[in-house]
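> The structure's right below; bear with me while I get my questions together.
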Amino acid sequence: MTLFTQELIFGVVGGLGLFLFGLTLMGQGFQKIAGDKLRRFLGTTENPVLAAVTGLLLTVVLQDGAAAVALVVGLLSSGLLRLKQAVCMLLGVNLGISVTVHLIAFRIEHYPLLAVGLGFLLYSFGRKRFTRYLGYSILGFGLLFTGLDALLETMKPIAGNILVPGTISRFGRLPVLGYISGALATFVVQSSTATIGLLQVIASQSVLENGLRLPLLPAALPFLFGANLGVCATATLASFKGNAMTRRAVLAQWIINLLPSILFLLLLKPFSHLVQDLTRGLCALGGWLGEVFFLIPAECPPQQAGLISREIAVAHTVFNLLMLLFWLPLLTPLLKMAERAFPNGRLEEDLQPDFLNEKMFDTPTIALQLATKEILRMADLALEMLHLAWTAFTQGNVAAVREVERKERAADSFQERITIYLSTLLSRSLLTAAQSQYLAGLIHVVNDVERMADHAENIAQCAEAKIDEKLPFSETAMNELDLLYNKVIAICKEAYRALADNDPAVARRVLEKEEAADKLEEEMKQNHINRLNRGRCWPASGIVYLEFIANLERVADHAVNIAQVVLKGKERGI
């Protein structure tokens with residue numbers, strides 16, 4: 001290997017690595033700054049336009065179109081988004097990538113190292129959470145442009161060679177070749193931002209070394225359109241092992257990105273002229289504003305190398321903006337076509353975890369929300385088991401006992417899967433103190449819900465004993481059990497509601513109702529003793545009666561534990 005080849009490989013690998021690492025740091029920093037607001041923000045996506053804006057801002061926060069696409073697909077797979085919301089957000093993701101592309105176009109060679117130093121200082125010595133994560137983002141910003149500078153230096157000798165201009169010229173003569181190359185490059189790198197940034201660097205350096213520009217934009221556009229299509233490959237990968245909804249969204253995204261790009265390939269020259277005129281107009285406007293308001297001497301048009309980079313950024317923005325405006329009115333027929341292509345809905349087994357999605361580990365707020373939703377599904381399962389056990393006890397239904405046993409095995413599986421999910425999230429993700437405390441509380445809640453399911457099985461066993469031994473129960477005893485059962489069910493529902501809404505007021509009501517249930521239990525035990533003394537209770541029935549009461553009491557106690565997790569979380573500001 002020659003020294004030139006070695007320097008070329010090291011420069012490209014190192015520069016691209018710094019670029020991608022900088023993108024990652026920026027995304028993580030913005031994510032931490034957003035914090036739990038991300039969950040509430042995703043709730044504003046009911047309107048298609050707002051959903052598209054949400055996708056745009058999500059891409060800006062993550063600083064990675066591929067990560068944003070994977071996140072949207074994961075949210076759809078987990079049931080947190082509807083299909084129309086997800087498709088609109090994917091349209092916004094395409095436009096959001098343009099923000100970083102424009103940042104790359106405005107070369108800031110003198111500031112990356114300053115950003116690295118400033119970001120490090122803020123992250124290392126900042127006392128407030130916002131300050132530290134702002135430093136994290138600034139550090140990533142600096143590394144991103146440091147990587148770009150390294151790529152630019154590495155590309156200088158290549159751009160002076162006939163290979164690069166020759167290759168770009170071939171893209172102009174054979175647009176399909178550039179289109180496929182852009183799609184493959186994005187698929188390999190898994191970042192359309194990196195692919196387009198590399199295109200900007202190569203195009204700029206080609207202008208510096210060879211003076212090319214006028215034929216360069218039409219030649220670069222097919223590669224740009226291909227990079228836009230390459231994002232669909234990321235969505236396809238993210239949808240593996242997904243459900244029908246995710247497959248519909250991925251199909252819709254392929255159609256959304258593929259058809260307009262083919263149309264624009266046929267209109268390369270007029271689109272190139274439009275972009276060049278628009279870029280010059282924007283440069284003139286920006287120069288005039290800078291001269292009038294900031295006393296900055298106007299440089300318009302900018303240097304040729306800078307101009308081609310900006311033209312690529314403007315082309316990306318205009319293309320995706322036109323695509324957004326075109327598809328928004330056509331969403332309904334598009335989604336109907338996707339539904340016809342994948343007609344089967346969600347027919348998965350109800351007794352399997354549905355919301356746990358490891359692709360969300362990079363977004364702890366969402367991952368914790370998904371775990372909470374899964375725990376609430378498990379809690380509904382425990383309630384179903386209690387209802388079945390009560391049905392078996394009151395109606396002598398042996399099939400209900402068998403169903404309780406089946407669901408109890410499912411509850412054990414839920415507990416294991418959710419606990420592993422939360423433990424993995426704790427080990428892989430960078431959690432805030434509040435998120436760590438909330439995660440610990442969720443692990444306690446999982447165990448409490450599992451114990452509720454166990455007590456439901458115990459009650460089913462009481463029912464089976466009553467059926468097998470034909471034990472008699474007086475009408476008074478059955479009325480008392482019915483009253484306690486309904487009170488305990490109401491307590492459980494309130495506890496689950498407190499967890500779902502993170503509502504301390506509801507949690508406090510759980511504690512109050514549990515005290516009332518304790519008093520009723522004591523009265524029932526005393527009434528039972530009185531019946532025994534009067535000879536009105538069969539001894540074997542009395543044992544089952546007390547066992548039934550004890551299990552209902554334990555269920556109420558675990559509901560109180562869940563309510564206390566909510567109250568402690570609010571005390572800590574979670």
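Laboratory data are not the source of any read-out in this text; all were calculated from the coordinates shown. Remember, predicted model here, so these are calculated numbers, not experimental data. No Cβ is skipped: glycine too gets one built from the backbone with ideal geometry, and neighbour counts run over all protein chains shown.
> Would you mind calculating the gained length between residue 419 and residue 395 on full extension (0.36 nm times residue separation, minus the Cα-Cα distance), in nm to one decimal?
Values: separation 24, 0.36 × 24 = 8.64 nm, distance 3.59 nm.
Extra length available between residue 419 and residue 395 comes to 5.1 nm.
> With label points built 7 Å along Cα→Cβ from the Cα atoms of residue 10 and residue 188, find their separation and express it in nm.
For residue 10 paired with residue 188, the spin-label model returns 2.2 nm.
> Name the residue from 517, 467, 505 whose Cα lies farthest towards the positive end of the charge dipole of the range 467-541, charges +1 on Cβ of Lys and Arg and -1 on Cβ of Asp and Glu.
Of the candidates, 467 comes out farthest on the positive side.
> I'd like the GluC sites (Glu not before Pro) in the range 357-464 restricted to DSSP loop residues with at most 14 other Cβ atoms within 10 Å, sorted by number.
Numbers: sites: 358, 374, 384, 403, 405, 408, 416, 450, 457, 464; in loops: none.
When the GluC sites (Glu not before Pro) of the range 357-464 are filtered for loop state and at most 14 Cβ neighbours within 10 Å, nothing remains.
> For the range 428-495, rounded, prolate or oblate, judged on the Cα gyration tensor with a ≥ b ≥ c (square roots of eigenvalues), a/c < 1.5 rounded, else prolate if a/b > b/c? Please report the intermediate quantities before stating the final value.
Details: a/c = 7.82, a/b = 2.59, b/c = 3.02.
Oblate, since a/c reaches 1.5 and b/c is not below a/b.
> A follow-up question, please. Neighbouring Cβ atoms within 10 Å as the yardstick, rank 245, 360 fewest first. If you can, show how the numbers build up before the last one.
Numbers: 245 23, 360 26.
Lowest count first: 245, 360.
> Between residue 490 and residue 336, what is the spin-label point distance in nm, taking each point 7 Å from the Cα along the Cα→C-beta axis?
Here the answer is 4.8 nm between the modelled labels.
> A follow-up question, please. Over the Cα atoms of the range 363-571, compute the convex hull volume and normalise it per residue, giving Å³. Each step should come with its number before you reach the end.
On the way: hull volume 20.3 nm³, N = 209.
Expressed per residue, the convex hull around the Cα atoms of the range 363-571 is 97 Å³.
> Let me ask something else. By average Cβ neighbour count within 10 Å, what is the ranking of 557-567, 258-268 from highest down?
Working: 557-567: 22.3, 258-268: 15.6.
Top of the packing list down: 557-567, 258-268.
> Counting other Cβ atoms within 10 Å of each Cβ, which trypsin sites (Lys or Arg not before Pro) in the range 474-572 have at most 13 and sit in a DSSP loop? Walk me through the numbers on the way to the answer.
Working: sites: 487, 493, 497, 508, 509, 513, 519, 525, 531, 534, 536, 554, 568, 570, 572; in loops: 534, 536, 572.
Answer in residue order: 534, 536, 572.
> For the range 392-450, take the alpha-carbon Rg, divide it by the Kirkwood Rh, and send me Rg/Rh.
Details: Rg = 16.5 Å, Rh = 13.4 Å.
Dividing the radius of gyration by the Kirkwood radius yields 1.23.
> Once you have the Cα-Cα distance between residue 527 and residue 405, take 0.36 nm times their residue separation minus that, and quote the gain in nm to one decimal. List each step's numbers first, then the result.
Values: separation 122, 0.36 × 122 = 43.92 nm, distance 3.15 nm.
Gain in length upon complete extension: 40.8 nm.
> Past 24 Å, Cα to Cα: identify those pairs from 493/568; 373/407; 373/519; 407/513, in the order given. Intermediate results must be reported in sequence, preceding the final value.
Numbers: 493/568 19 Å; 373/407 18 Å; 373/519 33 Å; 407/513 27 Å.
Check vs 24 Å cut-off fails for 373/519; 407/513.
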